[in-house]
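Take a look at the structure below.
The values are calculated or read from the model by the stated rules, or taken from the named source; none is laboratory data. This is a predicted model, so every value here is computed, not measured. Cβ atoms come from the backbone with ideal geometry, glycine included; neighbour counts cover every protein chain shown. Ligands, DNA and RNA are excluded from the accessible area calculation, which covers all protein heavy atoms including side chains. Shrake-Rupley method; radii C 1.70, N 1.55, O 1.52, S 1.80 Å.
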Amino acid sequence: MRADMLKKELQIFTFEDLLFYFPFKHLDKTQIHTIATITAGMDFVQVRGRLISMEVLGEKRGRRLVAHLRDGSGIIELTWFQGINWVQKMLVVGNEYVAFGRLSFFLGKPQLSHPEIETLKESNEAGKNFLEPIYSVTEKLKARGLNGRALGKLMYQLFLVLEEKEITENIPLTILQHHAMCSRWNALKQIHFPKNYQQYESALIRLKFEELFISQLRWGMMRSARHRYSRGILFSKVGVHFNDFFHQYLPFPLTGAQKRVLKEIRQDMGSGIQMNRLLQGDVGSGKTIVALMTMLIALDNGCQACIMAPTEILASQHFEQFSKLLNPLNISVALLTGSTKSAERKSILKGIEEGSIQIAVGTHALIEDVVKFNNLGLAVVDEQHKFGVAQRAKLWKKNTVPPHMLVMTATPIPRTLAMTAYGDLDYSVIDELPPGRTPVTTVHRLDDARPQVMDFIKAEIGNGRQVYFIFPLIEESEKLQYEDLMRGFENVKAWFPEPMFWISMVHGRMPSDQKEINMQRFVRGETQIMVSTTVIEVGVNVPNASVMIIESAEKFGLSQLHQLRGRVGRGSEKSFCILLTSNGIGKDAKERISIMCQTTDGFKIAEKDLELRGPGDIQGTRQSGAMNFRLADISADRGLLEQAKLEADKLLKSDPDLKKPEHIALKTFLQSDNADTPWGKIS
Ligand code: ADP
Ligand code: MG
């Protein structure tokens, strides 16, 4: 009966499940305080004494039961506002009790409100030489008498029958010793029933380390298995395409970071093993050119290449940029999206299949089954956070030997998150912006400062600059937001009337050819103002645009704001980002906006985002489940994560198949059913 409830309510099916159901706090009832020694700094206290009075005071909502307990040293007041009748019945003036509760002071006198009360007999039976664990339980369980303390009693019984040998150690002894960590058995015992808070802390650290270490080990084994066994197309040379482009047509010198990353990529592709590399770089760090040059290496080795972007706007922008840059090299580039007309689509599909098209640029349209490559050697995925793992996997299947994969993301992911969410990928980072950029100045303005803001924009446009107005468009209330956008558009128009100013508008509901026309007019400078929703967020590049106004900025997440801001500051002109909000925005929104005003460093912003929202909410990682640790928090415990990764890498280097005798237990653990991590079993 109790077992059934535990199954239903807490998904506790086995003793092992119970063992791994950890308390959320402990109460320290190991000591009895003498009343005279109680001071204001104490949190919870436990006292023992004789009940000397008990009476009901006050009326209606002020009604309360007040009692006094006296020990040899003084008197403490006990108060109840609820359950008065029941407490009255239970307690007898003149008897001795033990009371435990949160301490407060009233008019300089100590008191406990709603204390737990036990008779001396009950108190002695419980034998308090450890902290009492409190578990979270559901309302239903509580109603059946299985509350957070009762579960503790159950746990206590479990430990009475459990033996040390039943809990196998899964971390090699040398690692435990090196980090002075306790054994698995001790950790489990102490996380439930520690003798003091230090014991609890060290148990917690050990178990967090275990989670992180095991997950890093799994990722590491996947990586190393791929490195050792998976086939890849050997790109043995760098040929005319790459060299011609590099020496004659490269529009600017590469930054040091771009060069370094290209080298890492060339090493991967020249190894005969499939490349699987995550390329991170803040907005505007110049990932596109790196992707392009990587594609040229593929072409030099007789292969085709493709790049998949999340939106049509972005895909067509890549297409145009590539066509222009590659024009002198006589390379055939094609654009394939959902709105490619059917006659053209047919000929493009044919060209891709025959190999006459060397570079295919596109959206999701590229991964459809009808798209058959002649010899795809490299697939680039731009703005990875917009795609799922499944879509990446589809690209793998476009060739018998899987193509090399370059996965690019402009939402900087904190290193720790990358380690846990994309641990199967190798990792490169462009940590340097192209020279000559002046950082975007970001300010927060309230709605009533609108006239000044508009004057400022007029002046900027007068100087030949272009401007973005961004409105939130949130799916849940799309219709309403759409109307907001239209109203916003009319507003902007009222401030900036034609024919003095020309305005483009782009939003998700617009047919894509119309989107394209509007976008192109802005790109060509025919319109000075772009009114848009976040469809503009990813990748779009209009260097002459130097001001971005974000309306209702409180409605955007941090990384989204950062992405949006990345649309300006792409040229040599001084750029501005103005975050408009009304007066009464919430605390979190205020913090997001203040961070935006303080820094333009995408990695700092990402760390902050992780801190504010937790990993579950970071774009694109929600589905992966790779961060669902029971105890560890990859933001707060990043130090521990770094150590775990170090140890896992070191171990795999010395013993990649876990064959050494001291690693057998670990291997067995990794293979066992109950090694419950999101990655499942290893083979
Ligand atoms: P992102 O990494 O956000 O995709 P892009 O590849 O779009 O950034 O590059 C942003 C801008 O910087 C583009 O206009 C690009 O031409 C320019 N750029 C890239 N690399 C360099 C460089 N090494 N020197 C000067 N400008 C560069
Ligand atoms: Mg980009």
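Counting residues in the stretch 255-265 that are crowded, with 19+ Cβ neighbours inside 10 Å, within 15 Å of ligand 2 (Cβ to nearest atom) and closer than 15 Å to Leu406 by Cα gives one or more.
Which residue, of Gly49, Gly101, is under 42 Å from the mean Cα position of the chain (by Cα) and within 21 Å of Glu118 (Cβ to Cβ)? Quick ask: steps written out before the conclusion?
Working: Gly49 fails: under 42 Å from the mean Cα position of the chain (by Cα).
Exactly one residue qualifies, and that residue is Gly101.
Entry remark, the stretch 136-157: residues being of a type in the set (Val, Ile, Thr) and either assigned to a helix (DSSP H, G or I) or under 25 Å from Arg48 (Cα atoms) (or both) number 0 in total.
Mind listing whichever residues of the stretch 174-218 are in a loop (DSSP other than H, G, I, E, B) and open to solvent by 40 Å² or more (accessible area, probe 1.4 Å)? Outline the logic, then answer.
Applying the first criterion (in a loop (DSSP other than H, G, I, E, B)) to the stretch 174-218 yields 179-183, 193-196.
Of everything in the stretch 174-218, those that are in a loop (DSSP other than H, G, I, E, B) and open to solvent by 40 Å² or more (accessible area, probe 1.4 Å) turn out to be His179, Ala180, Lys195, Asn196.
Scanning the stretch 1-59 for residues that are assigned to a strand (DSSP E or B) and closer than 20 Å to Leu131 by Cβ yields Lys25, His26, Leu27, His33, Phe44, Val45, Gln46, Val47, Arg48.
Residue pairs whose Cβ atoms lie under 6 Å apart, separated by 6 or more positions or on different chains, with the first residue in the stretch 39-62 and open to solvent by less than 80 Å² (accessible area, probe 1.4 Å) and the second of a type in the set (Val, Ile, Thr) and assigned to a loop (DSSP other than H, G, I, E, B), are Val45/Ile38; Gln46/Ile32; Leu51/Val93; Met54/Val93. Screening Arg228 on (1) in a helix (DSSP H, G or I); (2) among the charged types (D, E, K, R); (3) at pLDDT 90 or above shows it passes everything except condition (3).
Going residue by residue through the stretch 388-407, is there one that turns out to be open to solvent by 10 Å² or more (accessible area, probe 1.4 Å) and within 16 Å of ligand 1 (Cβ to nearest atom)? Break it down stepwise before answering.
So in the stretch 388-407, the residues open to solvent by 10 Å² or more (accessible area, probe 1.4 Å) come out as 388-394, 396-402.
Narrowing the set further to residues that are within 16 Å of ligand 1 (Cβ to nearest atom) leaves none.
No, the stretch 388-407 contains no residue that is open to solvent by 10 Å² or more (accessible area, probe 1.4 Å) and within 16 Å of ligand 1 (Cβ to nearest atom).
Out of the residues in the stretch 238-254 that are in a loop (DSSP other than H, G, I, E, B) and surrounded by 12 or more Cβ atoms within 10 Å (Cβ to Cβ), which is nearest to ligand 1 (Cβ to nearest atom)? Walk me through how you get there before you give the answer.
Initially, the stretch 238-254 is screened for residues in a loop (DSSP other than H, G, I, E, B), giving 238-239, 250-254.
From the residues that got through so far, the ones that are surrounded by 12 or more Cβ atoms within 10 Å (Cβ to Cβ) too are 238-239, 250, 254.
Details: Val238: 19, Gly239: 22, Leu250: 9, Leu254: 5 Å.
Per the criteria, the residue is Leu254.
Of all the listed residues (Pro110, Pro133), the sole one being in contact with a Phe, Trp or Tyr (Cβ under 8 Å, 6 or more places away or on another chain), in contact (Cβ under 8 Å) with a residue 60 or more places away in the chain and part of a strand (DSSP E or B) is Pro133. Against the criterion of being modelled with pLDDT of 95 or more, β-branched (Val, Ile, Thr) and either crowded, with 19+ Cβ neighbours inside 10 Å or within 15 Å of ligand 2 (Cβ to nearest atom) (or both), Val333 qualifies. Filtered by the rule that a residue be open to solvent by 10 Å² or more (accessible area, probe 1.4 Å) and either among the basic types (Lys, Arg) or in a strand (DSSP E or B) (or both), the stretch 408-431 gives Arg415, Asp426, Tyr427, Val429.
Would you pick out the residues in the stretch 270-305 that are within 14 Å of ligand 2 (Cβ to nearest atom) and either charged (D, E, K, R) or in a strand (DSSP E or B) (or both)? Passing the criteria: Leu279, Gln280, Gly281, Asp282, Lys287. Restricting the search to the stretch 633-663, which residues are within 12 Å of Met419 (Cα to Cα) and touching a Pro at 6+ places or on another chain (Cβ under 6 Å)? Within the stretch 633-663, Ile634 is the sole residue that qualifies.
Applying the selection to the stretch 535-555, what residues are away from ligand 1 (no atom under 16 Å from the Cβ) and over 18 Å from Glu460 (Cβ atoms)?
Initial filter on the stretch 535-555 (away from ligand 1 (no atom under 16 Å from the Cβ)): 535, 547, 549-555.
Result: Val535, Ser552, Ala553, Glu554, Lys555.
The residue of the stretch 432-457 that is nearest to Lys263 (Cα to Cα), among those that are within 16 Å of ligand 2 (Cβ to nearest atom) and open to solvent by 60 Å² or more (accessible area, probe 1.4 Å), is Glu432.
Taking the options Leu425, Leu406, name whichever one is in contact with a strand residue (DSSP E or B) (Cβ under 7 Å, 6 or more places away or on another chain), within 20 Å of Trp219 (Cα to Cα) and modelled with pLDDT of 85 or more.
Values: Leu425 fails: modelled with pLDDT of 85 or more.
Only one candidate passes the filter, namely Leu406.
Tell me the residue from Met454, Met505, Met519 that is hydrophobic (A, V, I, L, M, F, W, C), modelled with pLDDT of 90 or more and in contact with a strand residue (DSSP E or B) (Cβ under 7 Å, 6 or more places away or on another chain), please. Give the derivation first.
Working: Met454 fails: in contact with a strand residue (DSSP E or B) (Cβ under 7 Å, 6 or more places away or on another chain); Met519 fails: modelled with pLDDT of 90 or more.
Exactly one of Met454, Met505, Met519 is hydrophobic (A, V, I, L, M, F, W, C), modelled with pLDDT of 90 or more and in contact with a strand residue (DSSP E or B) (Cβ under 7 Å, 6 or more places away or on another chain), namely Met505.
Give me the pairs, please: first residue somewhere in the stretch 361-385 and over 22 Å from Val290 (Cα atoms) and of a type in the set (Lys, Arg), second residue anywhere and open to solvent by less than 10 Å² (accessible area, probe 1.4 Å) and more than 16 Å from ligand 2 (Cβ to nearest atom), beta-carbon distance under 8 Å, and either six or more positions apart or on two chains. Cβ pairs passing all conditions: Lys372/Ile352. When you scan the stretch 538-584, how many residues do you find that are among the β-branched types (Val, Ile, Thr) and modelled with pLDDT under 90? Count: 3.
Residue by residue through the stretch 9-31, note down the ones that are surrounded by fewer than 16 Cβ atoms within 10 Å (Cβ to Cβ) and in contact (Cβ under 8 Å) with a residue 24 or more places away in the chain.
Listed by number, the residues that qualify are Phe15, Glu16, Phe24, Lys25, Thr30.
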